[in-house]
1. If I filter the range 58-70 for residues that are surrounded by 10 or more Cβ atoms within 10 Å (Cβ to Cβ) and β-branched (V, I, T), do I get at least one hit?
2. Answer yes or no as to whether P126 is in a loop (DSSP other than H, G, I, E, B) and open to solvent by 90 Å² or more (accessible area, probe 1.4 Å).
3. Test N97 against the criterion of being of a type outside the set (K, R), open to solvent by less than 100 Å² (accessible area, probe 1.4 Å) and modelled with pLDDT under 85, and give yes or no.
4. From the list E85, E32, E73, which one is at pLDDT 85 or above, out of contact with any strand residue (DSSP E or B) (no Cβ under 8 Å at 6 or more places or on another chain) and in a helix (DSSP H, G or I)?
Amino acid sequence: MQTLAGLALAAMVLFTSLGCTPSDEDRLSALEAEVAALKERSLASREELAQVRKNLEAIQDLLKLDRDRARLEQDENTAPPSDEELDAKAKSFVDKNLDRLMEVTKKLLDKMEKELDEQLEKMNEPTPPQGDEI
């Protein structure tokens with residue numbers, strides 16, 4: 001729109017400097033021609049933007065496929081662990097879990113011992129004498 005106004009202003013300055021004033025009809029025709037040209041450029045720009053968007057989407061899809069393909073190749077190229085590695089991992093797993101099991105068992109036994117001591121204390125407490133036993 002600024003281009004249109006600028007062109008119209010330039011045309012008016014040109015006609016004025018030449019000493020002739022354009023008629024309203026000539027100015028209107030020039031303005032209509034500029035508006036039509038601007039609409040054509042706008043449509044062309046929109047079409048180009050739509051094409052750019054499609055191209056970007058296609059590039060994103062290709063990048064995603066390439067990323068997926070790279071992951072698959074990496075997974076295929078990774079050698080399965082050897083028996084020694086599996087044994088070491090299994091031993092480590094068992095050691096960790098055995099240590100945890102021992103800690104939990106120790107806590108449970110301590111708790112059971114404490115409860116047993118409390119019950120024994122209750123049983124060994126002398127019962128208070130009743131009124132007829134005094």
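1. Checked against the condition, which is being surrounded by 10 or more Cβ atoms within 10 Å (Cβ to Cβ) and β-branched (V, I, T), the range 58-70 yields at least one hit.
2. Yes; evaluated as a whole, the condition is true for this residue.
3. yes
4. Within the list E85, E32, E73, the selection yields E32.
The values are calculated or read from the model by the stated rules, or taken from the named source; none is laboratory data. A quick note: this is a predicted structure, and the numbers were derived from the prediction, not measured. As a convention, Cβ positions derive from the backbone with ideal geometry for all residues, glycine included, and neighbour counts pool all protein chains shown. Note: accessible area is taken over every heavy atom of the protein model, side chains too, but ligands, DNA and RNA are not part of it. Shrake-Rupley method; radii C 1.70, N 1.55, O 1.52, S 1.80 Å.
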